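Let me begin by presenting the structure, written as structure tokens, before commenting on it.
The values are calculated or read from the model by the stated rules, or taken from the named source; none is laboratory data. In this text, all values refer to a predicted model and were calculated from it rather than measured experimentally. When we count neighbours, we look across all protein chains shown, and the Cβ atoms used for this are built from the backbone with ideal geometry, even at glycine.
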């Protein structure tokens, strides 16, 4: 009987010990989880904003994404698109830029008997010339960009595509708004010299390239050195501040009352602004805006804001806003797939030529 009581006592004690151990372990886990959550929140909402604010190289790295390298045989663009050549231009800062020249479809056959080095003489044949300014990441040989060159080529337009500093096989130099605009200016000046006033020159900017092309065109018109007939803006934003707030990843922090202090203000202080809504109110060149409704990288609302801001400085007959519905699933970079695009471009080119000749 005494042994039975002893065993029951031991059992109760063991059960109590086990219960205490489980409870204590659960408490430790809960404390550990709580501390882990606090650490994660501290990292997300304190450390990362502070690091971003005080690290200009991080700001530029995330904006330009020039480190996202896609292997391309730059020296042989003919493997990707016919009647094309690779060459290099030096800027006034002695930075070497990699460039592709792509001939219009009507010159594909004649180009077979022409050394690539002599392609530049074709630029003065009167066909429209498009200078393409790409967005961040990748290079002039990235897939969707090649698809666009082919559309422009089939429309019988010349194409000049290039990489800014630090992109593709272009030279290494610090990236900045001023630097990217200066690179684009070097390409424009070379093209203008080769066209010799015998054909219209158009700018085409995509994504970040819309900010670069808008800034450059504003500078050219202010200095009265522009011979640009039209500007195509594909998936544009109105200014970098609003684009940062709208970017999907930024939604982690955008609700914070100190978001601007830690994220947008530092970039503006470091000269990264790309204020197309300011630049485009000062120019008179015809503009075509292209934007897909399902673009999540740069929401179409920013294009609408840009369009409305442009209309405060001119009437609507020199600005066209072409949207592409959700169900076509073009997103940020596949408007090029639209079957209507060649006709839209052809109409814009002819309309721009008439508008600029009468102005």
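Among the residues of segment 186-204, count how many are part of a helix (DSSP H, G or I), in contact (Cβ under 8 Å) with a residue 24 or more places away in the chain, under 23 Å from the mean Cα position of the chain (by Cα) and within 14 Å of residue 130 (Cα to Cα). Break it down stepwise before answering.
Initially, segment 186-204 is screened for residues part of a helix (DSSP H, G or I), giving 186-195.
When the remaining residues are screened for being in contact (Cβ under 8 Å) with a residue 24 or more places away in the chain, the result is 186-188, 190-192, 194-195.
Okay, now just the ones that are also under 23 Å from the mean Cα position of the chain (by Cα), so 186-188, 191.
Checking which are within 14 Å of residue 130 (Cα to Cα) leaves us with 187-188, 191.
Selection size over segment 186-204: 3.
Suppose we filter 141, 211 for residues that are under 23 Å from residue 339 (Cα atoms) and assigned by TED's automatic domain parsing to the domain that holds residue 106; which single one remains?
Working: 211 fails: under 23 Å from residue 339 (Cα atoms).
Answer to the check: 141.
Counting only residues that are more than 21 Å from the chain's Cα centre (by Cα) and under 24 Å from residue 342 (Cβ atoms), which one in segment 279-288 is surrounded by the fewest Cβ atoms within 10 Å (Cβ to Cβ)?
285
Before we move on, is residue 308 surrounded by 17 or more Cβ atoms within 10 Å (Cβ to Cβ), assigned to a helix (DSSP H, G or I), modelled with pLDDT of 95 or more and out of contact with any strand residue (DSSP E or B) (no Cβ under 9 Å at 6 or more places or on another chain)?
Numbers: surrounded by 17 or more Cβ atoms within 10 Å (Cβ to Cβ): no; assigned to a helix (DSSP H, G or I): yes; modelled with pLDDT of 95 or more: yes; out of contact with any strand residue (DSSP E or B) (no Cβ under 9 Å at 6 or more places or on another chain): yes.
Judged against the criteria, residue 308 is not a match.
For every residue, the table says whether it meets (1) assigned by TED's automatic domain parsing to the domain that holds residue 223; (2) surrounded by fewer than 15 Cβ atoms within 10 Å (Cβ to Cβ); (3) touching a strand residue (DSSP E or B) at 6+ places or on another chain (Cβ under 9 Å); (4) part of a loop (DSSP other than H, G, I, E, B).
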| residue | (1), (2), (3), (4) |
| --- | --- |
| 261 | yes, yes, no, no |
| 264 | yes, no, no, no |
| 267 | yes, no, no, no |
| 273 | yes, no, no, yes |
| 277 | yes, no, no, no |
| 290 | yes, no, yes, no |
| 298 | yes, no, yes, yes |
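Taking only segment 205-256 into account, find how many residues are within 14 Å of the chain's Cα centre (by Cα), closer than 20 Å to residue 349 by Cβ and part of a helix (DSSP H, G or I).
4
Within segment 171-181, is there a residue that is within 26 Å of residue 351 (Cα to Cα), surrounded by 17 or more Cβ atoms within 10 Å (Cβ to Cβ), in contact with a helix residue (DSSP H, G or I) (Cβ under 9 Å, 6 or more places away or on another chain) and in the same structural domain as residue 230 (by TED's automatic domain parsing)? Break it down stepwise before answering.
So the first thing to find is which residues in segment 171-181 are within 26 Å of residue 351 (Cα to Cα), and the list is none.
Checked against the condition, which is being within 26 Å of residue 351 (Cα to Cα), surrounded by 17 or more Cβ atoms within 10 Å (Cβ to Cβ), in contact with a helix residue (DSSP H, G or I) (Cβ under 9 Å, 6 or more places away or on another chain) and in the same structural domain as residue 230 (by TED's automatic domain parsing), segment 171-181 yields no hits at all.
Among 110, 104, 115, which is the only one that is under 30 Å from residue 338 (Cα atoms), modelled with pLDDT under 95 and surrounded by fewer than 23 Cβ atoms within 10 Å (Cβ to Cβ)?
Details: 104 fails: modelled with pLDDT under 95; 115 fails: under 30 Å from residue 338 (Cα atoms).
Matching residue, one of 110, 104, 115: 110.
Across segment 222-241, what is the number of residues that are surrounded by fewer than 19 Cβ atoms within 10 Å (Cβ to Cβ) and out of contact with any strand residue (DSSP E or B) (no Cβ under 8 Å at 6 or more places or on another chain)? Steps first, please.
Here is the first cut: in segment 222-241, the residues surrounded by fewer than 19 Cβ atoms within 10 Å (Cβ to Cβ) are 222-225, 227.
Next, from what is left, pick out any that are out of contact with any strand residue (DSSP E or B) (no Cβ under 8 Å at 6 or more places or on another chain): 222-225.
Looking only at that region, the number is 4.
Specify the residue that is surrounded by the most Cβ atoms within 10 Å (Cβ to Cβ); the eligible residues are those in segment 315-340 that are more than 20 Å from the chain's Cα centre (by Cα) and assigned to a helix (DSSP H, G or I). Give the steps one after another, and end with the answer.
Filtering segment 315-340 for residues more than 20 Å from the chain's Cα centre (by Cα) gives 315-320, 325-328, 339-340.
Still in the running and assigned to a helix (DSSP H, G or I): 316-318, 326-328.
On the way: 316: 10, 317: 9, 318: 20, 326: 12, 327: 8, 328: 15.
Restricting to residues being more than 20 Å from the chain's Cα centre (by Cα) and assigned to a helix (DSSP H, G or I), the top hit is 318.
What number goes with the only condition from (1) exposed (fewer than 15 other Cβ atoms within 10 Å of the Cβ); (2) outside any helix (DSSP H, G or I) that residue 346 does not pass?
(2)
Among the residues in segment 157-169, are any free of Cβ contacts under 8 Å to residues at least 60 places away in the same chain, part of a helix (DSSP H, G or I) and assigned by TED's automatic domain parsing to the domain that holds residue 222?
no
Going through 126, 143 one at a time, which residue ends up being over 22 Å from the mean Cα position of the chain (by Cα), surrounded by fewer than 16 Cβ atoms within 10 Å (Cβ to Cβ) and closer than 20 Å to residue 232 by Cβ? Walk me through it before giving the result.
Working: 143 fails: over 22 Å from the mean Cα position of the chain (by Cα).
Result: 126 is the single residue among 126, 143 that is over 22 Å from the mean Cα position of the chain (by Cα), surrounded by fewer than 16 Cβ atoms within 10 Å (Cβ to Cβ) and closer than 20 Å to residue 232 by Cβ.
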